[in-house]
Amino acid sequence: MKRLTLADCFDPDGERFGIPTYPWRCAPDDLATRRQLRIRGLRPGGQDIAAQTLRPRRRREPLTAYLYRVELARPVRPMTPGMWRAHAAMMRARRRCPECGRDAGYVIPPTLGMCVTCAYPEEQRAA
């Protein structure tokens, strides 16, 4: 695998990668990633990927971020009462311990699969 340099990432015509490609943080202002659109209160809105930005890394594939046209982006849809209820139910399920059935008051770590009290009972007795 040939190591990708920053100069290799500059392909505004899309001849090498198939779509216009820019080095990391060097894309034109009229293009933005999903996160950058979200900060502005926008979403891609079904548009196709307009370009990409690449960040070379040593010994691994480059990081890729897809870019969308800001002028074609649409406003973010507001949360409806039903969506808020579904979100609350999802968070409640993530806080409930499957071992003791109590609401832990925090999201149960997936690495433990149960609340800290159930995962480390001997340490809780000592405290």
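The values are calculated or read from the model by the stated rules, or taken from the named source; none is laboratory data. Just so you know, these numbers come straight off a predicted model, no measurement behind them. Cβ: placed from backbone, ideal geometry, glycine included. Neighbour counts: every protein chain shown. Ligands, DNA and RNA are stripped out before the accessible areas are found, and what is left, the full protein with its side chains, is counted by its heavy atoms. Shrake-Rupley method; radii C 1.70, N 1.55, O 1.52, S 1.80 Å.
Going residue by residue through segment 60-75, is there one that turns out to be of a type in the set (S, T, N, Q) and modelled with pLDDT of 95 or more? No; the residues of segment 60-75 include none that is of a type in the set (S, T, N, Q) and modelled with pLDDT of 95 or more. Restricting attention to segment 69-87 and to residues that are of a type in the set (D, E, K, R) and in contact with a strand residue (DSSP E or B) (Cβ under 7 Å, 6 or more places away or on another chain), the residue that is most open to solvent (accessible area, probe 1.4 Å) turns out to be Arg74. Of everything in segment 88-110 that's touching a Cys at 6+ places or on another chain (Cβ under 9 Å) and of a type in the set (A, V, I, L, M, F, W, C), which residue is most open to solvent (accessible area, probe 1.4 Å)? The residue in question is Cys100.
Please work out which residue is modelled with the lowest pLDDT, limiting yourself to segment 1-49 and to residues that are part of a helix (DSSP H, G or I) and surrounded by 17 or more Cβ atoms within 10 Å (Cβ to Cβ). Restricting to residues being part of a helix (DSSP H, G or I) and surrounded by 17 or more Cβ atoms within 10 Å (Cβ to Cβ), the top hit is Cys9. Checking each residue in segment 88-127 for being touching a strand residue (DSSP E or B) at 6+ places or on another chain (Cβ under 8 Å) and of a type in the set (Val, Ile, Thr) picks out only Ile108.
Whenever a residue of segment 50-68 is surrounded by 17 or more Cβ atoms within 10 Å (Cβ to Cβ), its partners that are of a type in the set (Lys, Arg) and part of a loop (DSSP other than H, G, I, E, B), lying with C-beta atoms within less than 8 angstrom and at least six residues away or across chains, give the pairs Thr53/Arg25; Pro56/Arg3. Within segment 56-76, the residues that satisfy the criterion of being part of a strand (DSSP E or B) and touching a helix residue (DSSP H, G or I) at 6+ places or on another chain (Cβ under 8 Å) are Pro56, Pro62, Tyr66, Tyr68.
To keep it simple, each residue is scored yes or no on (1) over 22 Å from the mean Cα position of the chain (by Cα); (2) closer than 30 Å to Leu4 by Cα.
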residue: Arg58; (1), (2): yes, yes
residue: Arg94; (1), (2): no, no
residue: Cys100; (1), (2): yes, no
residue: Pro121; (1), (2): yes, no
